[in-house]
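Structure first, commentary second.
Readers should treat all values here as calculations from the given coordinates under stated rules, not as data from a laboratory. Keep in mind that what you see is a predicted model, and the values were worked out from it rather than measured. Cβ sites come from the backbone with ideal geometry, for glycine too, and all protein chains shown count toward neighbours.
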Amino acid sequence: MGLYSGAITIPYTVSGQGTKTVHFLMDDKEFATVNVDTSGQSRQQSIPVQRDGAHILKMYAEVESEGLMISSNTVSLGMLYYSDETTT
């Protein structure tokens, strides 16, 4: 689990053919999607400031191939947010 304060960016890389849609969720609520046409290119996604406490960031990609939707594995990251006002 990482310790975070304020807005952050997280690096990610998607590989494979076709246009992939990358989904970003915080505590199971989607906050961003990005369409990616390239493979193997490093990118960054901004993560909005969260309230104090523990949160789970999830990321996964989807691509349509031959009429079927294919999903990648889901990457999950535990995050602990704090602010200057945090007292506990």
Completion exercise
A chain fully extended from residue 33 to residue 51 at 0.36 nm per residue, minus the present Cα-Cα distance, gains in nm 4.3 nm
Exercise for the section: Identify the residues of the range 1-34 with backbone N under 18 Å of a label point that sits 7 angstrom from the Cα of residue 43 along the Cα-to-Cβ direction, or state none. Expected result: 8-26, 30-34
Fill in the blank from the handout: Given GluC sites (Glu not before Pro), DSSP loops and at most 13 other Cβ atoms within 10 Å, the longest exposed-site-free stretch of the chain is 1-65
Handout entry: Neighbour-limited loop hits for chymotrypsin sites (Phe, Trp or Tyr not before Pro), the chain (at most 16 other Cβ within 10 Å; DSSP other than H, G, I, E, B)
Key = 82
